[in-house]
Amino acid sequence: MLQLIPMPAEIQRYSGVFSMTADTSYTAESHFSEAAEFLESYFKKLFGTAPEEKETGDIKFFYAENLAKEAYRLSISANRIQIEASAPTGALYALQTLRQLGDFDLQENPEEIQIPCVEIVDYPRYSWRGQMLDCSRHFFSTEEIKRLLDLMLYHKLNVFHWHLTDDQGWRMESKKYPLLTEIGSKRKNTQQTGWMELNYKLEGKPHEGFYTQEEIRDIVAYAAKRGIMVVPEIDMPAHFAAAEAAYPYLACREMKSEVFWWYSGIVPHTELGYKDSSWNRPACLGKESTYTFIFDILDEVCELFPAPYFHIGGDESPTAEWKKCPHCQKKMQEEHLETPRELQGYFTNCVGKYLKTKGKSLIGWNEVLDSPNIDRSVVGQYWTSKRSKAAERHIKKGGKLILSRHNAFYFDFPHSKVQLKNTYTFDPKMCHIQKNRENQVLGVEAELWTEFVADRRKLDFNLFPRMGAVSENAWTPKQKCSFRSFQKRLPHYEAVLQKLGVNYAPEKITLKNHNVKYTHAFYFKNPYLEVEDGEAAKRGTK
C-alpha cells in the first residue's frame with residue numbers, strides 16, 4: 001500500500017523503482033522555477049547538495065495546458081520522473097506526492113532513495129481546503145505561522161484563515177489607529193477555566209503581541225509561494241472588545257479603556273458591572289463613526305492581503321445593546337429596519353458593498369445569514385452544530401458556503417469530542433445540502449480557537465493527526481475515501497510527523513471510543529488533558 005495522505009484521485013502502480021541519488025538532475029521550464037526551488041531544497045536536506053539542472057534532466061517539469069490549476073500528472077519509471085502541470089501550484093503538489101513516495105522526511109543521509117514506479121493523475125475535490133488559526137486569544141510568532149504553513153503545504157491545504165482580532169486581543173498593526181495595538185493588543189490576565197464561570201482561575205500574567213504590516217506582507221508572500229491563500233478575519237460587529245478598549249466611542253455605551261482591557265482577559269461579563277447585556281459586547285451600528293472606523297481598517301487590511309475574500313466574523317452578535325441604543329434605534333428608523341437582526345444585516349451589506357469596491361467577497365460565519373435582508377453574494381461559513389435553516393435557504397437561493405461543522409472541524413475540542421472519524425467522514429449532506437447544490441460548496445475548513453491553546457505543543461496536539469483527515473476529506477474524491485485505509489496509513493504518517501517534530505496525539509487517543517460523558521466544564525477546567533479510560537493522558541499536557 002502506498003503511504004500517501006491525501007490519497008490521489010487516480011493511481012496506477014507498476015513494477016520497478018526510480019533510484020534517486022545526489023547525481024540525479026532535473027529540467028524545469030521557467031514556468032516552474034518556484035517548484036524547482038523546492039526540489040532543490042529537498043535535495044539539499046537529503047544529499048547535502050542541490051541537483052544539477054540539465055537540458056535532459058532525470059526529473060522533468062512540463063507544462064500541460066489541459067490540466068486544472070491545482071492538478072498534476074506524476075509519471076515515474078525506472079529511468080525518469082515527469083511532472084506535468086498547468087500552474088506552479090500543481091507542480092508543487094506533485095512534489096509533495098513525490099516527497100511522500102520517496103519518504104524524504106524519514107531518510108537520514110541516504111546514498112540512494114528508491115521511489116516506486118507509478119502513474120498518478122491527481123486533482124482536488126474542493127477548491128477551498130482550509131485551516132484557521134486564532135491568534136487573538138493567544139499570540140503565535142511569525143516563525144510559528146510559517147511552520148504551520150509548511151505543514152499545510154505537506155497536506156495540500158490551500159487556505160490559511162487568519163483570525164486576527166477578537167475580544168481578547170487586536171493583533172494587526174494599524175497606521176491610522178495606533179491605539180489598536182498600543183492598548184488593544186494587550187491584556188493583563190488570561191482565564192484558565194470554563195466559559196462564564198464565576199469561580200474562574202486566572203493565569204496571573206499579561207499577554208500581548210501583534211503583527212506589523214511588514215510581517216504580514218512577509219507571511220502572505222511566504223504562503224503564496226506554497227500555493228496558500230491567506231484570508232484575514234477582522235471580527236465584527238461582535239467580538240469587538242479589543243477595538244473598543246482602544247477606542248471606546250465604537251461601543252453603544254462608552255466605558256473606560258481599562259475596564260475593556262480587563263474584559264479582554266476572557267472573563268464573565270459580570271466583571272464589567274452590567275448584567276443586562278450579553279458577555280459579547282458588539283460595536284454600535286448606529287454611529288457613523290463606527291462605519292468610518294471600519295472602512296478605514298478595511299482600506300489598510302485589503303492592501304496587505306491580495307486574496308479575493310475577506311472574513312468579518314459576524315457570529316454570536318447579541319442584540320441587547322442595539323435595542324436600547326438611541327443611535328442604533330435611529331439608524332433602524334432611517335433605514336426602515338424592523339428588528340436588530342435586520343440592523344446587523346444592513347451593517348453586513350454595507351461592509352460587503354465596500355469590500356466589492358476592493359474586488360473582494362465578504363465571508364461571515366453562518367449567523368450572518370440569519371438576517372432576512374442579507375445580500376446573497378455573502379459567503380456563509382457553516383460552523384454551528386445545530387442545523388442552520390438560514391444556511392440551507394442561502395444555498396437554495398444560489399449562495400455559497402464553506403463547511404466547518406462544529407462536530408467535525410473544531411479542533412479546539414478534545415479528540416474524544418471531535419473524533420478523527422467525524423472529520424474524515426464528513427459530507428455536505430450532514431449539513432442538509434442536496435447533491436445538486438454541492439457545486440455551491442467552496443470546500444471545508446478546520447478551526448483552531450486558542451482560548452486554551454497557548455503554545456506549539458498544545459497546538460500540534462490538537463491539530464494532528466486531524467489535519468491529515470481534513471486533507472484527505474478535502475482533496476480525495478469521495479468514492480476513493482476509506483477510513484479503514486486511512487487508519488492503516490496512520491502509523492507511517494505518525495512516523496513522519498514525529499520526524500518533523502510534530503507533537504501529534506497518539507492513536508490510543510484519536511482512534512479509541514471513549515466512554516466518557518463530555519462536558520464543557522470538564523474540558524475547560526482541564527484544557528490540556530485528553531480523557532482515556534477515565535484517566536488524563538500525559539501526552540499533550542502543558
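The values are calculated or read from the model by the stated rules, or taken from the named source; none is laboratory data. Since the model is a prediction, treat every value here as computed from it, not as a measurement. Cβ coordinates were reconstructed from backbone atoms using ideal geometry, including for glycine residues, and neighbour counts include every protein chain displayed. All accessible areas refer to the heavy atoms of the entire protein, side chains included, with ligands and DNA or RNA removed. Shrake-Rupley method; radii C 1.70, N 1.55, O 1.52, S 1.80 Å.
Of all residues in segment 178-203, those satisfying the criterion of being open to solvent by less than 90 Å² (accessible area, probe 1.4 Å), modelled with pLDDT under 80 and either under 26 Å from the mean Cα position of the chain (by Cα) or of a type outside the set (D, E, K, R) (or both) are Gln191, Gln192, Thr193, Gly194, Met196, Tyr200, Leu202. Considering only residues in segment 21-46 that are over 28 Å from Glu65 (Cα atoms) and of a type in the set (A, V, I, L, M), the one that is surrounded by the fewest Cβ atoms within 10 Å (Cβ to Cβ) turns out to be Ala22. For segment 380-400, the tally of residues that are touching a residue at least 24 places away in the same chain (Cβ under 8 Å), farther than 24 Å from Gln131 by Cβ and either open to solvent by 60 Å² or more (accessible area, probe 1.4 Å) or of a type outside the set (A, V, I, L, M, F, W, C) (or both) stands at 5. The set of residues in segment 363-379 being of a type in the set (Asp, Glu), in contact with a Leu (Cβ under 9 Å, 6 or more places away or on another chain) and crowded, with 22+ Cβ neighbours inside 10 Å is empty.
Among the residues of segment 109-121, at least one is modelled with pLDDT under 95 and closer than 30 Å to Thr49 by Cβ.
Of the residues making up segment 232-247, not a single one is open to solvent by 50 Å² or more (accessible area, probe 1.4 Å) and touching a helix residue (DSSP H, G or I) at 6+ places or on another chain (Cβ under 6 Å).
Annotation note: of Ser385, Ser361, the sole residue that is modelled with pLDDT of 95 or more and of a type in the set (Gly, Ala, Ser) is Ser361. Of all the listed residues (Ile83, Ile113), the sole one being among the β-branched types (Val, Ile, Thr) and closer than 24 Å to Ala474 by Cα is Ile83. Note on segment 305-339: residues that are assigned to a helix (DSSP H, G or I), under 32 Å from the mean Cα position of the chain (by Cα) and crowded, with 18+ Cβ neighbours inside 10 Å amount to 2. Scanning segment 432-455 for residues that are surrounded by 20 or more Cβ atoms within 10 Å (Cβ to Cβ) and part of a loop (DSSP other than H, G, I, E, B) gives Ile433, Thr450, Glu451, Phe452, Val453, Ala454.
Just wondering, is there one or more residues in segment 456-472 that are in contact with a helix residue (DSSP H, G or I) (Cβ under 8 Å, 6 or more places away or on another chain), farther than 28 Å from His138 by Cα and exposed (fewer than 15 other Cβ atoms within 10 Å of the Cβ)? Looking through segment 456-472, none of the residues is in contact with a helix residue (DSSP H, G or I) (Cβ under 8 Å, 6 or more places away or on another chain), farther than 28 Å from His138 by Cα and exposed (fewer than 15 other Cβ atoms within 10 Å of the Cβ).
Among the residues here, Lys175 qualifies as at pLDDT 95 or above, assigned to a loop (DSSP other than H, G, I, E, B) and farther than 30 Å from Glu70 by Cβ. Take Met7 and tell me if it is on the phi < 0 side of the Ramachandran plot and either modelled with pLDDT under 95 or open to solvent by 10 Å² or more (accessible area, probe 1.4 Å) (or both). Criteria met by Met7. Taking segment 80-115 as the range and being without any contact (Cβ under 8 Å) to a residue 60 or more places away in the chain and open to solvent by less than 10 Å² (accessible area, probe 1.4 Å) as the test, the residues that pass are Ile83, Ala85, Gly90, Ala91, Ala94, Leu98.
Selection over segment 1-24 of residues that are assigned to a loop (DSSP other than H, G, I, E, B) and of a type in the set (Gly, Ala, Ser) gives a count of 2.
With the requirement that a residue be buried (at least 17 other Cβ atoms within 10 Å of the Cβ) and of a type in the set (Val, Ile, Thr), what does segment 116-133 give you?
Step one: filter segment 116-133 for residues buried (at least 17 other Cβ atoms within 10 Å of the Cβ), giving 117-118, 120, 122-126, 128-133.
Matches in segment 116-133: Val118, Ile120.
Do we have any residue at all in segment 340-362 that's more than 26 Å from Asp427 (Cβ to Cβ), in contact with a Lys or Arg (Cβ under 7 Å, 6 or more places away or on another chain), touching a residue at least 24 places away in the same chain (Cβ under 8 Å) and open to solvent by less than 10 Å² (accessible area, probe 1.4 Å)? Looking for residues that are more than 26 Å from Asp427 (Cβ to Cβ), in contact with a Lys or Arg (Cβ under 7 Å, 6 or more places away or on another chain), touching a residue at least 24 places away in the same chain (Cβ under 8 Å) and open to solvent by less than 10 Å² (accessible area, probe 1.4 Å), one finds at least one in segment 340-362, hence yes. Just to be sure, is Leu2 within 20 Å of Lys156 (Cβ to Cβ) and either modelled with pLDDT under 95 or open to solvent by less than 80 Å² (accessible area, probe 1.4 Å) (or both)? Yes. The set of residues in segment 204-221 being at pLDDT 95 or above and open to solvent by less than 50 Å² (accessible area, probe 1.4 Å) consists of Gly209, Tyr211, Thr212, Gln213, Ile216, Ile219, Val220. The residues listed here are Arg80, Arg99, Arg125; of these, the one that is under 21 Å from the mean Cα position of the chain (by Cα) and among the basic types (Lys, Arg) is Arg125.
Which of the residues that make up segment 421-430 are part of a helix (DSSP H, G or I), under 15 Å from Ala474 (Cβ atoms) and in contact (Cβ under 8 Å) with a residue 40 or more places away in the chain? Scanning segment 421-430 gives Thr423, Tyr424.
The numbered conditions (1) touching a residue at least 40 places away in the same chain (Cβ under 8 Å); (2) over 30 Å from Ser482 (Cβ atoms); (3) in a strand (DSSP E or B) are all true for Thr27 except (1).
The lone criterion from (1) open to solvent by less than 50 Å² (accessible area, probe 1.4 Å); (2) over 34 Å from the mean Cα position of the chain (by Cα) left unmet by Lys54 is number (1).
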